[in-house]
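Data first, discussion second: the structure below is written as structure tokens.
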Amino acid sequence: MTQTDPFDTVTCDIEGGLALVTLNRPQVLNALNSQVFTDLKEIFSQLADDARVRVILLTGSGEKAFAAGADISKLTGLDRVSGQALSHRGQTIFRQIETCGKPVIALLNGFALGGGCELALACSLRIASSTAQIGLPEVRLGLVPGYGGTQRLPRLIGPSAALKLLLTGERIDAAEALRLGLVDEVVSPEQLLARGRQIAELILKAAPLAVAGCLEAFYEGTHRDLDSALRLESHIFGRLCETEDAKEGTRAFLEKRPPRWMNR
């Protein structure tokens, strides 16, 4: 296992094709402040460019929280200009995570509230501990979610269910989050990291370029009309047909052996 250069608020360990990124402010329930955003931006930039890394797990340190939201003390002095700038910066970094070209699996090991919930929404998949508590309570502070929550949540769970959570600021447990489709699985706290690794290992067995192609088609296509999205899918499919991995994958299937991916 190797570690990236040290950061103040986030750790990153790389083993094989898997990177484990951990928010590391347990004393404040991994609340998101300016330095956390700076560290996330740098880490995900490095991971996007690291050919060794094919899947990323994202979690919070300690047993209580993935991320309990923004540092509320930093919000009190904002005005229109500084508030918009703060929101835009968070949106940009979460969009960077969402479009880094590699699957990012959020492991929700406790509170995922406000900005913490929005960070999870920017990930490819979400696995929750049975103790997780999830919500967007910004309306109770006189605000709206500012890091993409008003847009990603309805795309994930539908408009009506999303509006209920957005308008009430209600906090839900892991079972309700699973019922709504906000998370993909719920496991016991002691199984959370192991289950994340299991899913990562399944992804690691697939062709790297094909995984990247699926992410590209999904994130680019879901914001287009259907005809345009289908053209994008055909373009990606055709592009992959010319790769060595597509030739190797079909050959390995016919020869009944595991493929040997070359990432080209």
- Rg and Dmax of the stretch 2-204 over Cα atoms: what are they, in angstrom? 15.8, 47
- Simple spin-label model, 7 Å along Cα-to-Cβ: Lys205 to Glu255 in nm? 1.9 nm
- Sorted by packing (mean other beta-carbon atoms within 10 Å per residue), highest first, where do 239-251, 222-234, 195-207 land? 195-207, 239-251, 222-234
- Message: Tell me whether the stretch 115-195 comes out rounded, prolate or oblate; compute the Cα gyration tensor, take square roots of the eigenvalues as a ≥ b ≥ c, and use a/c under 1.5 as the rounded threshold.
- Response: prolate
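With an 8 Å Cα cut-off and a minimum separation of 6 or more residues, compute the relative contact order for the chain in percent.
14 percent
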- Task: Kindly provide the GluC sites (Glu not before Pro) of the stretch 164-197 that DSSP labels as loop, not H, G, I, E or B, and whose Cβ sees at most 15 other Cβ atoms within 10 Å.
- Result: Glu170
- the chain: most fluctuating residue of Leu107, Leu254, Leu29 per GNM, C-alpha cutoff 10 Å: Leu254
- Message: Can you compute the helix-only [θ] at 222 nm over the chain? Use -39500 (n - 2.57) per DSSP H run of at least 4 residues, normalise by all residues, nearest 500 deg cm²/dmol.
- Response: -14500 deg cm²/dmol
- Once the Cα atoms of helix 208-221 and of the chain are each reduced to a long axis, what angle between those two axes, in degrees from 0 to 90 to the nearest 10, is obtained? 50 degrees
- Which value, in debye to the nearest 20, gives the size of the charge dipole of the chain about its Cα centre, when Lys and Arg are +1 and Asp and Glu are -1 at the Cβ? 320 debye
- Please sort by residue number the trypsin sites (Lys or Arg not before Pro) in the stretch 34-139 whose DSSP state is loop and whose Cβ has at most 14 other Cβ atoms within 10 Å. Arg52
- Task: Work out the charge dipole of the chain with +1 on the Cβ of Lys and Arg and -1 on the Cβ of Asp and Glu about the Cα centre, then indicate which of Cys241, Ile203, Ala175 is farthest towards its positive end.
- Result: Cys241
- Note on the structure: Relative to the chain, whose Cα atoms define the longest principal axis, helix 80-98 and its Cα axis are tilted in degrees, nearest 10, by 30 degrees
- Item | Spatially near lysine pairs across the chain, Cα under 29 Å, sequence gap of 8 or more or different chains | 14
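Got the relative contact order for the stretch 45-129 handy, in percent, Cα pairs under 8 Å and 6 or more residues apart?
Reported as a whole number, the value is 42 percent.
How high is the FRET efficiency from Arg95 to Arg179, r the C-beta distance, R0 30 Å, rounded to 0.05?
Values: r = 28 Å, r/R0 = 0.92.
After rounding, the FRET efficiency stands at 0.60.
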- Measure off 7 Å from each Cα along the Cα-to-Cβ vector at Ser130 and Val144, then give the distance between these two points in nanometres to one decimal. 3.8 nm
- Task: Could you state the angle between the C-alpha long axis of helix 192-204 and the longest principal axis of the C-alpha atoms of the chain, as a value from 0 to 90 degrees rounded to the nearest 10?
- Result: 30 degrees
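Read the figures in this text as sums done on the coordinates, not as results from a lab. The structure presented is a predicted model; accordingly, all values stated were derived computationally and were not measured. No Cβ is skipped: glycine too gets one built from the backbone with ideal geometry, and neighbour counts run over all protein chains shown.
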